[in-house]
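Working notes, structure below.
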Amino acid sequence: MRKGLFTALLAGAVLAAAAASAQAQSFPSKPIRIIVPFTPGGGNDLLARAVGQKLQERLGQPVIVENKPGAGGNIGAEFVARSAPDGYTLMVGTNGLTMLPWMSKSLPFDVIKSFAPIGIGATVPMVVVVANKLPVNSINELIAYAKANPGKLSYATPGIGAPHHLATELFMDMTGTKMVLVPYKGASGMLADLISGEVHVMFGAINSAIPLFRAGKIRAIGVAEPQRLPQFKDLPTVSESVPGYEVNIWFGLLAPAGTPDSVVNLLSDEQRAIVNIPEVREHLARASLFSNPTSAAEMRRIMTVDLEKWGKVVKAAGIQPQ
């Protein structure tokens, strides 16, 4: 009886493995869609189109990039979460996903349980920039000035709960400082006010700030990476003054939960290969997206760590979910 049961279980496992292998070998047999849950032109969109083009060439099936903006990315994310778990509907997500559960009273999906991570493809460094009229030239000077002038410094963010916002809240929590939040609807407005000095500080994506601090219109005082950037060797890291402070914006592919591991691993291997192609790396780097591919398992680990990290930041800041 036991032997028969063991044989049946073994046979079932062999058949399941064979089916998974066959599915991986036949995938893809029809077009793949990559959903970008924001409007065209952002980092999500850039990575989706760069990877999508090469994926189409390498897999021999059309890859369609489709923008589904709205509700801070929730519309596109919910669409993917509810799609068939077969590898034909994917999404480019960001670390903003791991902030959502702490900023929203309810979500139509679970950030961890509703998705199968495929892998992070690229990251964008975050930089600390200040208005030229602010008399600080380093992170240490910013901390000292903020402590000497509590509540008098303001910082810009493109929205409550955006990476820029929570990156600043993390900085204030780690340094015992307090600045006043000024929310904007987009990068153009906050950068214009930073140039004029209407707002004093911004923790933002380096790609939008580079032209301005190179032109001397604002001042860059720190990058939130673990090491200095090769192209900005004179720009210190924030962690040189605040040990352990590290924040960037990552972009990666996700599939609906339940997508077969064989398909997830195939797509993960393809993305890692694609973002390391020299022409793709250079294309992404021109927009300050740096190829930093991970495995599916590593992306899941990073998402889990980020979820816990931002939960602590939101609670420490006393931010109420909306």
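The values are calculated or read from the model by the stated rules, or taken from the named source; none is laboratory data. Everything numeric in this text was worked out from a predicted model, so none of it was measured. A quick note on method: Cβ atoms are made from the backbone with ideal geometry, for glycine too, and the neighbour counts reach across all protein chains shown. Note: accessible area is taken over every heavy atom of the protein model, side chains too, but ligands, DNA and RNA are not part of it. Shrake-Rupley method; radii C 1.70, N 1.55, O 1.52, S 1.80 Å.
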Leading residue at positive end of dipole, segment 204-317 (Cβ point charges), from G216, N292, M303: G216
Integer Hz, Karplus 6.51/-1.76/1.60 couplings in order for segment 57-69, x for Gly and Pro: 5, 7, 9, x, 10, x, 10, 9, 9, 10, 8, 10, x
Distant-in-sequence amide H partners of T157 (H built 1.01 Å from N, under 5 Å): V182, Y184
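Could you work out what % of the accessible surface of the chain is carbon and sulfur, using a 1.4 angstrom probe and leaving DNA, RNA and ligands out of the count?
Details: 8150 of 14640 Å².
Ligands and nucleic acids excluded, carbon and sulfur reach 56 percent.
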Whole-angstrom gap from segment 286-322 to segment 113-138, using each part's C-alpha centre: 11 Å
Reachable lysines from K30, criterion Cα separation under 19 angstrom, eight or more residues apart if same chain: K54
Other-chain or far-sequence residues with amide H under 5 Å of G222's (modelled H): V128
Relative contact order (%) - segment 216-319, alpha-carbon pairs under 8 angstrom, separation at least six: 14 percent
Förster radius 35 Å - calculated FRET efficiency between I64 and E282, Cβ distance, rounded to 0.05: 0.90
Accessible surface, the chain, averaged per residue in Å² (probe 1.4 Å): 45 Å²
C-alpha long axis of helix 296-317 to longest principal axis of the chain, angle in °: 40 degrees
Full-stretch length increase - I112, K233 - with 0.36 nm per residue and alpha-carbon distance subtracted: 39.9 nm
Hypothetical label at I210: residues of segment 152-167 whose amide nitrogen lies under 18 Å (7 Å Cα-Cβ projection): none
Mean-position separation - Cα centroids, segment 141-160 and segment 31-84, in angstrom: 37 Å
Lysine pairs in segment 74-222 with Cα atoms under 24 Å, if 8 or more residues apart or on separate chains: 12
Net charge dipole size for segment 174-245 [Lys, Arg +1 and Asp, Glu -1 on Cβ; Debye, nearest 20]: 80 debye
V65 long-range amide H proximity, modeled H, under 5 Å: I34
In degrees, nearest ten, helix 163-175 long axis to first principal axis of the chain (Cα): 60 degrees
Check: segment 130-282 dipole with +1 on Lys, Arg Cβ and -1 on Asp, Glu Cβ, in debye: 660 debye
